[in-house]
Structure formats: structure tokens, C-alpha cells
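Reading through the C-alpha cells given below for one structure.
The values are calculated or read from the model by the stated rules, or taken from the named source; none is laboratory data. Remember, predicted model here, so these are calculated numbers, not experimental data. Neighbour counts run over all protein chains shown; Cβ positions are idealised from the backbone, glycine included. These accessible areas exclude ligands, DNA and RNA; they are computed on the full protein's heavy atoms, side chains included. Shrake-Rupley method; radii C 1.70, N 1.55, O 1.52, S 1.80 Å.
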Amino acid sequence: MTLLSDPQDMFTQGLAPIRNGIGEPDYGTPKSKSEQQVTLLIDGAEVTVPAGTSIMRAAGENGCSIPKLCATDSLEPFGSCRMCLVEIDGRKGTPASCTTPVEDGMVVRTQTAKLSKLRRNVMELYISDHPLECLTCAANGDCELQDMAGVVGLRDVRYGYDGENHLDAPKDQSNPYFDFEGSKCIVCNRCVRACDQIQGTLALTIEGRGFNSKVSPGGLNFLSSECVSCGACVQACPTGTLEEKSVIQLGMPTRTVQTTCAYCGVGCTFNAELRGDELVRMVPAKTGGANEGHSCVKGRFAFGYATHKDRVLSPMIREKITDEWQEVSWDEAINYTATKFKEIQAKYGDNSIGGITSSRCTNEEIFVVQKLIRAAFGNNNVDTCARVCHSPTGFGLSTTFGTSAGTQDFKSVGKSDVILLIGANPTDAHPVFGSRLKRRLRQGAKLIVVDPRKIDLVESARVKAEHHLQLQPGTNVAIINALAHVIVTEGLVDSEFIKERCDVEAFDRWMKFIALPENSPEVVQAQSGVPADEIRQAARLFATGGNGAIYYGLGVTEHSQGSTMVMGMANLAMATGNIGREGVGVNPLRGQNNVQGSCDMGSFPHELSGYRHVSDDAVREQFESVWDVKILPEPGMRIPNMLDNAISGEFRGIFVHGEDIAQSDPNTNHVKAALSAMDLVVVQDLFINETANFAHVFFPGTSFLEKDGTFTNAERRINRVRPLMAPKNGLQEWEIVAKLATAMGYPMHYDNAAQIMDEIAAMTPTFKNVSFELLDRVGSLQWPVNDAAPEGTPIMHMNGFVRGKGLFVETPFVPTEERSTRKFPLLLTTGRILSQYNVGAQTRRTANSTWHQEDVLEIHEADAQMRGISDGQKVAITSRIGETIMRAQISDRVPAGVVYTTFHHPISGANVITTEYSDWATNCPEYKVTAVEIRPADSSAGSSNTLDAVLMKA
Ligand code: SF4
Ligand code: SF4
Ligand code: SF4
Ligand code: FES
């Protein structure tokens with residue numbers, strides 16, 4: 001038998017194996033974090049490495065790779081394959097170099113005749129039970145087994161193939177993105193360990209013993225198992241056993257471009273691997289600051305939407321929304337739009353138009369959109385989708401700490417001892433952070449979950465929350481106050497920290513407020529439904545358990561007291577001294593990939609980039625002198641004001657950049673009425689979305705695979721987005737905007753996206769030293785990036801708060817006006833699911849719909865029984881705003897009195913029923929509390945038929 005491809009040259013140069021992405025070397029075992037150095041001799045060369053490093057890694061880092069199969073540097077060593085044996089002076093036998101740590105003075109030999117023979121023998125056994133189809137195997141050229149056979153010099157297999165073997169082991173092709181071909185498995189356990197150690201799902205096991213050992217996903221197959229399709233096992237597999245379907249279909253990639261995921265606010269870095277111009281697979285980069293080699297199903301696999309047939313690639317216009325769309329040239333579309341906007345302004349005044357920036361787009365694209373509005377429209381009527389998600393974060397954290405952003409990097413959670421997770425569901429919505437969190441919990445950190453719903457982290461494989469404060473929706477502030485009450489009244493505050501770092505007068509006022517009996521757990525129990533004793537225990541744990549970190553999501557912000565709650569969490573962190581070092585902090589888990597960036601770039605009507613108020617003369621003058629235009633000192637309209645004023649006739653035209661407000665914003669009917677009332681709605685997006693149904697102009701946008709720029713993730717990390725291909729619509733999105741500004745009479749021109757970043761940096765203190773050149777050199781940067789922190793700031797407020805002294809703010813609990821009533825006795829709350837993303841425009845156009853084809857309503861058995869509702873039945877959900885229909889799913893995740901759904905599908909349109917209530921400070925809608933009633937939908941046949949029809953079509 002002859003084996004194909006001899007990678008000896010590549011291997012001896014330390015480049016192979018390349019399984020973890022083209023160009024990323026694999027040193028076999030993780031890097032040691034020890035500061036102590038150890039010196040030894042490997043093959044006669046003196047080598048110095050940190051104590052705790054394996055011999056394998058020490059050799060590899062010094063240009064001397066040792067053969068391996070079961071080891072990979074993203075996993076703890078396992079020592080099962082016996083390929084990596086070495087000889088050590090003074091030691092008997094041939095220890096495995098992956099499991100043997102270096103020692104001072106050790107003398108190691110990695111290449112001897114004895115070792116060669118042993119390795120060849122081991123390899124011979126592997127190959128004697130492996131199909132000989134290297135030429136036609138999809139993994140040809142990216143198979144460590146093949147590589148190692150070459151490296152050990154295997155030329156023949158003496159045993160033949162007549163004995164017992166696994167060559168007829170079945171294939172599992174159930175997963176839409178990868179196949180499992182059992183006959184190629186060498187039972188190295190890397191997939192099982194990846195699922196366990198990296199992803200934390202524990203979906204895989206090795207079943208059977210000895211020769212009968214085999215990898216099992218449990219259940220029938222991968223699709224029916226606990227597997228969440230993160231792909232960590234596929235990445236870890238050294239053979240063609242676990243292989244991406246895209247590689248099987250398209251062939252092995254030949255080049256790579258590093259870029260950033262365009263889904264959630266984790267901001268994972270990927271090596272996009274291409275074959276010619278075709279994207280074959282996305283491999284999470286080990287050098288990615290946010291993800292360090294991991295990903296979720298969306299980022300790794302769900303990129304097909306970018307080339308989906310539904311994408312619109314030509315600009316289109318129409319006089320009325322009842323007319324057919326007409327494809328036109330870019331010039332015609334832009335001139336038409338500019339003329340219409342100018343006509344509206346001439347007739348109704350400068351303030352009659354505005355725009356919305358996109359948190360899915362790059363910083364550079366967002367910056368030019370808000371510049372278009374301020375400079376070419378001549379007003380400050382710009383807002384962003386952060387209005388409907390994390391605007392309270394900006395308000396709350398800037399008030400208390402002085403910065404509108406999270407305090408930590410994601411890595412920091414690895415140093416947390418107690419994690420307080422409020423209104424967030426990271427394993428679904430921020431999966432790569434969820435995996436980090438689970439890893440820390442498995443190491444012994446404690447978790448307190450505050451959520452009306454029993455999320456996976458409350459109890460799942462090897463993870464159990466210490467406390468689940470299962471509160472009534474709308475009572476977050478009562479709970480945070482009660483936690484603080486216990487800490488204050490039981491003398492658990494960190495007085496030293498407060499004296500040194502905080503405004504002591506404000507603290508004294510706050511302490512008197514928080515100690516009031518109305519904030520006691522006993523009173524709050526009645527409001528929230530959480531037992532007082534549970535609150536007390538959780539508070540004591542947070543205050544005394546070591547490094548306490550707070551992570552939160554939209555379950556905090558999307559409430560009428562969203563801003564109050566953010567300040568309540570900041571109070572708690574300051575009171576316990578949990579700010580300004582690793583392992584602590586207050587951290588929003590941001591929704592959209594670039595929602596942090598859209599806020600940073602000046603997308604709010606009252607702020608220019610870097611959160612500087614438009615009323616600040618000095619700031620305005622800086623922009624005015626560079627942009628050569630007057631900027632209004634008064635804040636413009638927020639999204640809700642624009643919509644209200646559209647209905648009253650004063651606001652007549654809008655530029656909606658990459659948002660689907662007709663699906664994502666609350667009270668859909670109101671949004672649609674407002675859009676219908678406008679003379680000009682311009683949508684720039686990939687697909688005809690719900691909002692585009694009300695548009696007169698459609699500008700086709702670019703997918704993240706075509707963009708050149710940056711995204712900023714939830715850790716303030718600025719990541720490069722690099723184009724893999726030319727824009728399919730013919731123009732970069734910033735070019736479209738610049739042309740529109742020019743056509744409106746404000747000349748705007750850039751040669752490339754790097755120039756836009758240079759302008760951002762020149763005008764935004766927190767971005768002062770940022771440039772594409774620096775980003776390309778260092779990988780990523782967490783703002784502030786300035787002279788004091790030239791390579792960024794992973795942890796904020798280390799030596800003092802940005803605002804000077806930390807400010808405690810009194811946070812009285814004010815119950816929302818949205819209450820359950822006799823007519824609407826249940827409280828509906830909303831969230832996300834792993835496989836779908838936001839309004840689903842992208843993920844619904846991928847195989848991710850395999851897992852979630854429709855939004856369902858989770859309802860407690862008692863509530864279902866009372867209403868005669870069975871599992872899977874269609875139900876009508878009615879609020880005082882509207883009605884929608886979904887299938888019911890009877891679930892113990894929600895308590896009686898609470899129902900839950902997601903909002904990924906336009907057909908179910910959860911926002912048809914959400915109300916007009918919003919955060920008192922920022923207008924962030926109260927998505928998380930809607931009083932509803934549920935009834936079987938069969939009685940309202942018309943609506944249920946609609947659901948069926950659409951589901952069938954989908
Ligand atoms: S894809 Fe992820 S979750 Fe599924 S088995 Fe592999 S590692 Fe586990
Ligand atoms: S599937 Fe791949 S990673 Fe898993 S045991 Fe088999 S060869 Fe190893
Ligand atoms: S965790 Fe978020 S950023 Fe990372 S791959 Fe998944 S969707 Fe993309
Ligand atoms: S690589 Fe060391 S035993 Fe497998």
C-alpha cells in the first residue's frame with residue numbers, strides 16, 4: 001500500500017499539521033501560563049520554556065515537531081495514541097511527550113531508531129483498520145493521519161485487511177453542516193474532549209471498550225443528540241471522520257482571509273477559507289481575542305445567506321409602495337433619492353427627514369451614515385437599533401462609571417469566582433461566551449441566575465446554578481435593590497474601595513435609601529415572587545465569594561426601568577468592590593455584532609462619536625471645522641419620535657440602513673402606520689425585508705464577506721472585517737452613502753475604508769490611535785486606544801473611574817404600568833434561540849432553520865391545562881395592542897403565569913403584541929413584559945390558516 005502526499009518537509013518546518021486553519025500551527029498541548037522558566041536539551045538543542053510546558057510543545061515551539069495524533073493545542077493532553085513517544089535520559093521506557101512536562105536539565109531525544117520503529121508500528125495498526133481512499137477522501141491534504149503516516153515513514157502494512165475491522169462502520173449525515181464517517185475514526189477522543197472542554201455540551205462519548213470503542217453522539221444520530229453544531233469536534237478531528245459538508249462538496253480550501261463574524265456581539269474571529277472565490281468554510285481563529293479558536297453554529301456554518309438567491313443586487317425605485325419595483329442604475333437611484341429628500345425638506349423643513357444606522361454594518365459605514373444625516377440632511381435625526389436594545393446600558397454605565405460600555409474582556413470571566421447572570425441566556429444568544437462561562441463554572445466558580453425563565457445554565461451537563469432567582473418579569477430593580485439591601489444591612493460592603501474610589505456623599509445617600517425596609521428581601525419577595533431567604537443567600541455569596549462579576553443582557557435593558565437596573569447593578573459592583581480588575585465588573589452581552597460600534601460612532605441623536613453631547617460647543621466646533629458644515633446643538637429625534645411624528649405628518653422621509661424596524665421594533669402596527677405615512681422610505685439592506693415593503697427606494701447592501709472595515713464587540717474590541725470578494729452590488733455601503741450625501745449637495749468622498757477610520761480616529765478620543773495598519777499588526781484593539789493605552793484597554797476603571805469617582809445612584813423600584821389583569825392574566829417575555837438570529841433575515845436563509853422553523857410559545861402546564869391547550873397546538877396570543885398566532889410548547893422552563901417566545905420569524909411577529917411602554921431615560925422598549933391572554937387558535941380559523949400556509953411555504 002502506498003500512502004499519498006508526504007508532508008515531511010512541511011512538518012519539519014513546524015508548519016504541519018494545519019487542521020486548525022490554514023497557517024495556524026498546532027503545538028499539541030496548551031501554552032503554560034507559568035512565569036517560571038525551565039531549561040532542557042531536546043535533540044541536543046538547549047530550550048527554555050515556561051514550567052508546566054509539555055515536552056511536545058517545548059519541542060514544537062523550538063522548531064522540532066514530534067509526531068502526534070491524539071494531541072492538539074486547544075485540548076488538555078490525553079496520551080492515548082502513543083505516536084509522540086520520546087526517550088529521556090535517566091528514565092525508563094518511552095514516555096508520551098504530550099503528557100510529560102519539561103524539567104530543568106532534562107535531556108530528551110525525539111528521533112531515534114527505536115522511536116521510529118515504535119511509531120511506525122503504531123501507525124501500521126491504525127492504517128490496518130482505515131479505508132484506503134486517500135485519493136478520493138475529502139480530507140486529502142488536511143488529514144493528520146495521512147501526514148503522520150508520511151512523517152513516520154510508513155511504507156507498508158503487514159497485517160492486511162482481512163481481519164476484524166471497522167471499515168463498514170455507518171455514516172451519519174444527519175447534521176446539515178457536517179458528516180461523521182465512522183470507518184475513518186481512529187478513536188483518538190479529540191472530538192469528545194472538544195465537545196467537553198471547549199464547547200461544554202458533553203454531547204459525545206466513547207461507547208464500548210478496546211476494539212469495540214466508538215464515538216457516539218447519544219440518541220440516534222448527531223441531529224437528534226444534544227449536539228449544538230458548534231463544530232469544535234469537526235475542527236479537532238485529525239482525520240476525515242468529521243468533515244464539513246462544504247469541504248466534501250467543494251474541495252479543500254486553498255487560501256484564507258481573516259475576518260469577523262457578523263452575527264452576535266461576541267465578535268468571533270474566523271479564518272475564512274476559500275477555494276478560488278468561493279467560501280468553503282469558516283474556521284475560528286486561535287488568535288481571535290474574543291473566541292480563541294471557538295465558535296457557534298451561526299458563525300461557523302450559517303454564512304450561506306450571503307450568496308442566497310433572495311439577495312437584491314440592483315438598486316430599485318418605485319413612486320408608490322403599491323407599484324412594482326423598477327431596477328435602475330446606481331446614479332439614477334441616488335439622484336432620485338437625493339431629489340426626493342430635498343423636495344421634502346423644501347416643503348416641510350430641514351427637520352422632516354432623518355435616518356437609522358445599522359448595528360450590523362461596519363464602524364466606517366455607520367460613521368458615514370450619521371455624517372450624512374448631520375452634514376447633508378442638516379439635522380441630528382439619527383438613531384440606531386441600540387435604542388431598542390442596549391441604550392439603557394449607555395445611560396446607566398456612563399452615569400455611574402463614566403463610560404458607555406462593559407468593563408471587562410471576555411477572558412476575565414476565567415478569574416471570576418461568583419458570576420451574577422441577569423436577564424441573559426448566553427448559551428443561546430452569546431454561545432462562545434456561554435462556553436467560556438461554563439468552563440469557569442466547571443472549574444468551581446459559582447453562578448447566580450436572575451431570570452424569569454429556567455435557562456440552560458440553571459441546570460445542564462455538569463453545570464448547576466447555586467441560586468436561580470426566578471423573578472416575575474418586570475421586577476429586576478426590586479431584586480437588585482434587595483441584594484444590595486442585604487449587603488448593606490449585613491455589613492458586607494467593601495468600605496475601603498468605596499472610600500478610595502467612589503463619591504462618598506452619593507454613597508451615603510444611596511446607603512440610607514437601600515437600607516429602607518421597602519428594599520428588604522421580605523418586601524421584595526411579595527413583588528418578585530423570589531423567596532427572601534434565596535435573595536439573602538445569593539447576596540451573601542456575591543459579596544463574600546471572591547471576585548464577583550455581573551453579566552447581563554436584554555432581560556435587563558428592555559424594561560421601563562432598564563436604565564435604573566443598569567445603575568442598580570453598577571451600585572452593587574461598587575458596593576462590593578468588584579470593579580477595576582480581572583474577574584469582576586459589569587458587562588453587557590451586546591446583541592448585534594456591531595451595536596457597541598454603532599453607539600461609539602455617534603448614532604444617537606444627542607451624541608457625536610465617542611459619546612460627546614451635541615450641545616458641547618468645543619466638540620461641535622471640532623466636527624464643524626473638519627466637516628465644513630454647521631451642526632445643530634440640539635439633539636434630534638429618536639426612533640419613536642420619528643415614527644410618532646410621521647403619523648402626525650411632520651416627519652416625511654427616512655433612510656433606514658440595515659435595520660428591519662417593521663419587524664424588530666415594538667408595536668408593529670404603529671411602525672407600519674408610520675412608514676406608510678411617509679413620502680420617502682429608503683431601505684439599504686441585503687433582502688427585501690418587512691420594512692422594505694413600505695419603501696420607495698431600495699439600495700442593495702453588502703454582506704460581511706464583501707465588507708472592508710471594523711466591528712466593535714461587547715468587550716469594546718475593534719476587530720477587522722476583511723473582504724473575501726468584491727461587492728456583489730457593485731459598491732461598498734459607505735460609497736453609496738457618500739454618493740447620496742454628494743448628490744444632496746454635501747460633497748463626501750473617501751478612497752477606501754481605512755480613510756474613514758483615520759477620520760474616526762482623528763475625531764474620537766477613545767479611538768485616537770486606531771488605524772487599519774495597527775489593527776492588521778496587533779489583531780484587535782479594545783478601546784480606549786490612545787497615548788496612555790497604545791494597544792488598547794482590556795479592563796476599564798483599573799486605577800479610577802473614567803468619570804473620576806464612581807457614582808452611586810438611588811434606584812427606587814417603580815413597577816411597570818404593564819400589569820397582568822383579568823383580561824390579560826399572563827406575562828409574556830421574549831428571548832432568542834441558538835440557531836436563529838434576531839429577525840432571522842440571515843439565519844432563516846441557511847440550514848439553521850433545520851432546528852427552528854417557527855417561533856413557539858412556551859407555556860406552563862397549569863396555564864395550558866386551564867385553557868385547554870395541548871402541546872403543539874396553535875394558540876392565539878392577545879395583548880391590548882394586537883394578536884398573533886403560534887404553536888404552544890408546554891414547558892417547565894417558565895413558571896405558571898409567565899409565557900415566553902422568540903421573535904425570529906416575521907409570520908409570528910411577536911412584536912405585533914408588544915406595547916408602547918419604554919425605558920424612562922432612553923425610550924428602550926419594554927419588550928420583556930407584555931400582559932397577554934392565550935386561547936386555542938382553532939376558534940379563529942382565518943389566522944391559523946395563515947400560519948399553516950406560511951409554514952408550508954417556508
Ligand atoms: S458540534 Fe459541538 S456540540 Fe456538537 S458534538 Fe461537536 S463539539 Fe459537541
Ligand atoms: S471522530 Fe475524529 S476526533 Fe473523534 S475520535 Fe474519531 S478520529 Fe478522533
Ligand atoms: S458566538 Fe456570536 S460572534 Fe461568535 S460565532 Fe457565534 S454568532 Fe458569531
Ligand atoms: S499525541 Fe501523545 S499520546 Fe497521542
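Observations, loosely collected:
- In loop segments of the range 315-349 as defined by DSSP, the GluC sites (Glu not before Pro) with at most 12 further C-beta atoms inside 10 Å of their C-beta are E319, E324.
- For the chain, the equivalent ellipsoid derived from the Cα gyration tensor has semi-axes of 47, 33, 30 Å, listed largest first.
- Once backbone amide H atoms are built at 1.01 Å from N, V280 has E273, L274, R275 as its partners under 5 Å, excluding neighbours fewer than 5 places away on the same chain.
- Two-site FRET efficiency, E518 against T821, from Cβ-Cβ distance with R₀ of 22 Å, rounded to 0.05: 0.35
- Per residue, in Å², the accessible surface of the chain once ligands and nucleic acids are set aside, probe 1.4 Å: 35 Å²
- Working note: Karplus 6.51/-1.76/1.60 with θ = phi - 60° gives the range 661-670 the couplings 5, 6, 10, 8, 8, x, 6, 3, 5, 5 Hz, where Gly and Pro are set to x.
- The chain: angle of helix 941-953 to the longest principal axis, Cα-based, in degrees nearest 10: 40 degrees
- Contact order, relative form, for the chain: 12 percent (alpha carbon pairs under 8 Å, 6 or more residues apart, mean separation divided by residue count).
- Cβ-based net charge around A386, under 13 Å, with every Lys or Arg adding one and every Asp or Glu removing one: -3
- Annotation: peptides 865-872, 731-738, ranked by per-residue average of other Cβ atoms within 10 Å with the highest first, follow the order 731-738, 865-872.
- Each of V108, V504 has its accessible area taken with a 1.4 Å probe; listed largest first, they run V504, V108.
- For the range 549-564, the Karplus equation 6.51 cos²θ - 1.76 cosθ + 1.60, evaluated at θ = phi - 60°, returns couplings of 10, 10, 10, 8, x, 5, x, 9, 7, 7, 9, 5, 10, x, 5, 4 Hz by residue, with Gly and Pro reported as x.
- Two-site FRET efficiency, F211 against L313, from Cβ-Cβ distance with R₀ of 45 Å, rounded to 0.05: 0.20
- Shown in residue order for the range 490-499 are the 3J(HN,Hα) couplings computed by the Karplus curve 6.51 cos²θ - 1.76 cosθ + 1.60 at θ = phi - 60°: 9, x, 9, 6, 8, 4, 4, 4, 5, 4 Hz (x for Gly and Pro).
- The fraction of accessible area contributed by carbon and sulfur in the chain is 50 percent, rounded to a whole number (1.4 Å probe; ligands and nucleic acids excluded).
- Evaluated at q = 0.12, 0.19 Å⁻¹: base-10 log I(q)/I(0), Debye formula over Cα of the range 751-895: -0.85, -1.10
- Global form of the range 314-396, assessed from the alpha-carbon gyration tensor, a/c cut-off 1.5: prolate
- Each peptide in 657-670, 511-524, 193-206, 75-88 gets a packing score, the mean of other Cβ atoms within 10 Å over its residues, and the list from highest to lowest is 657-670, 193-206, 75-88, 511-524.
- Distance violations [Cα-Cα > 19 Å] among K33/K286; K415/K454; K672/K928; K68/K171; K309/K728: K415/K454; K672/K928; K68/K171
- Note on the range 603-699: Rg/Rh from Cα positions, Kirkwood definition for Rh, rounded to two decimals, is 1.05.
- Between helix 113-127 and the chain: long-axis angle, C-alpha atoms, 0 to 90°, nearest 10: 60 degrees
- Summing Cβ point charges (Lys, Arg +1; Asp, Glu -1) relative to the Cα centre of the chain gives a dipole of roughly 1400 debye.
- Computed [θ] at 222 nm, deg cm²/dmol, the chain (DSSP H ≥ 4; -39,500 (n - 2.57); rounded to nearest 500): -8000 deg cm²/dmol
- Near G792, the amide H atoms lying under 5 Å from its own belong to N786; only residues 5 or more places off or on other chains count, and H is placed 1.01 Å from N.
- The range 561-627 and the range 34-73: distance between their alpha carbon centers, rounded to Å: 44 Å
- Simple spin-label estimate for S771 and K114 gives 5.8 nm between the two label positions (7 Å along the Cα-to-Cβ direction from each Cα).
- Above-threshold pairs, the threshold being 18 Å between Cα atoms, out of K184/K214; K92/K114; K411/K768: K411/K768
- Using the Cβ-Cβ distance between I647 and A896 with R0 set to 60 Å, the FRET efficiency from 1/(1 + (r/R0)^6) comes to roughly 0.95.
- Amide hydrogen neighbours beyond the local backbone of V38, cut-off 5 Å, H modeled: V49, A51
- Most to least accessible of R436, R845 (protein chains only, probe 1.4 Å): R845, R436
- Selected from S97, P176, A138, residue furthest toward positive end of dipole (the range 85-234; charges at beta carbon): S97
- Put the Cα centre of the range 746-787 next to the Cα centre of the range 80-125 and the gap is 50 Å.
- The range 365-399-the range 196-234 distance, computed between alpha-carbon centres (Å): 45 Å
- The range 488-542: translational diffusion in µm²/s, Stokes-Einstein, Kirkwood Rh over Cα pairs, 37 °C, 0.692 mPa s: 264 µm²/s
- Proximal charge balance of R436 [Cβ under 12 Å; K/R count +1, D/E count -1]: +3
- Principal-axis tilt of helix 330-348 within the chain, Cα atoms, nearest 10 degrees: 30 degrees
- Given charges at Cβ of Lys, Arg, Asp, Glu: the range 537-659 dipole, positive-most of L541, H606, N571: L541
- Highest mean packing comes first when the peptides 533-541, 113-121 are listed by Cβ atoms within 10 Å, giving 533-541, 113-121.
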